[in-house]
Amino acid sequence: MTLLVTAVEAGGGTITALGPGGSAGSIRTSVVASAPVSAAFSAANFPALAAGDSARLQVVVYDAVGNENNFVGELQGISISSSNPAVATARTETSDTTVASGAVLRRFYVWATGVSGGVADFSGTVTTPAGPLSVAAAPATVLAPVVTTAAPSGAPGATITIDGTGFVAAGFTTQVLVDGSPVGNITALSNTQITAQMPTLMAGTYDLEVSVGGVLSNADAWTQTSDYAEASSEPNDNQGQEAPITAGFEFTGTADEATDFSDLFEFTVSEDGLVIDLELSWGDGNDLDALIYPKGAQDPGDYATDACEFHLSTLANPESDSCTLGNAGVYTLEILHYGTGPTTYTVKGIIQP
């Protein structure tokens, strides 16, 4: 018979066993603590913080062969400080948990709380029976974007300048949000100024915010002064009409030729992989189709390289479909009419991530 002995934590004890006939035997055991030799934060840095927010990292202690020291007998205390309390403050937390074997596990945590924009390094020591161990520094980055622009307003798709502070932080992405959705076209960016194209929405006032590393600025307001609607003045016979698009569009036209024809429109998308939902309605029983393809990629009617091809039948009016636009750029929207006209039509598109 083999007896398996498992060490729980440092200390001594007696193990007793009953043999054949009930005779007892005992043996003294001694468990020696593995000596802690290093201590470090569980991650290289804290998650990005906003002023007033907090984030927690564990400080882990290891012995010479890489095992974690996590018993009360191996860990005594922790002391961590911030290099810049005006940016972020440090608070330690000790958590002791008793497991089924009766051993007490100890964990050390450090809380970073953001105060104002900047970077603060957190470092200190862990106290062990063998002496103090240094904890290598981990940075806490506090992001504090502030918008000072005074409620800009303008037409759908207008390009505006947003003033403020804290718009740039190394390693973090900056976005402009209108009503919580990122705009697709930022043409200039500095720590104090952003130039961005507003979306094409219905007339109204929307929240305007800047996000840096997921941390939101204060909410300003963007007022779109008119609904977004593009009406054509009969762009037949391969004439084009360009409309910058970030959210939606509407084109109207009249099919007044006596034979089949194409109307062409152009629109611009500013991000890769956006989805377009298209709806087409018209005023008679003749069939209309809609094609979308990159500008200059083909001659009208050559379907081989279409980005999106909507074969809308006469079974329903209006008809709708959707597809994904592969790349940012200028696209041609082609309306194909089959019949003798005239008929009016309206094509609406909503572009979304």
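The values are calculated or read from the model by the stated rules, or taken from the named source; none is laboratory data. Since the model is a prediction, treat every value here as computed from it, not as a measurement. Heads up, the Cβs are rebuilt from the backbone with ideal geometry, glycines too, and the neighbour counts pull from every protein chain shown. Keep in mind that these areas ignore ligands, DNA and RNA; they rest on the heavy atoms of the full protein, side chains included. Shrake-Rupley method; radii C 1.70, N 1.55, O 1.52, S 1.80 Å.
Summary table below
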| read-out | value |
| --- | --- |
| Value in Å of the Kirkwood radius, where segment 18-154 supplies the Cα pairs that are averaged | 17.6 |
| From phi via Karplus (6.51, -1.76, 1.60), per-residue ³J(HN,Hα) for segment 166-179 in Hz, x at Gly/Pro | x, 7, 10, 9, 4, x, 10, 8, 9, 10, 9, 10, 10, 6 |
| Rough spin-label spacing in nm, given labels placed 7 Å along Cα→Cβ, for S134 and N191 | 3.0 |
| By accessible area with a 1.4 Å probe, ligands and nucleic acids excluded, highest first: order of W222, W111 | W111, W222 |
| Largest to smallest principal axis extent of the C-alpha atoms in segment 98-197, angstrom | 70, 30, 20 |
| Neighbourhood charge, 14 Å Cβ-Cβ cut-off, centred on S81 and excluding it, Lys, Arg +1 and Asp, Glu -1 | 0 |
| log₁₀ of I(q)/I(0) at q = 0.29 Å⁻¹ - segment 124-181, Debye sum with one point per alpha carbon | -1.30 |
| With eigenvalues of the C-alpha gyration tensor scaled by 5 and rooted, segment 48-112, Å | 28, 13, 10 |
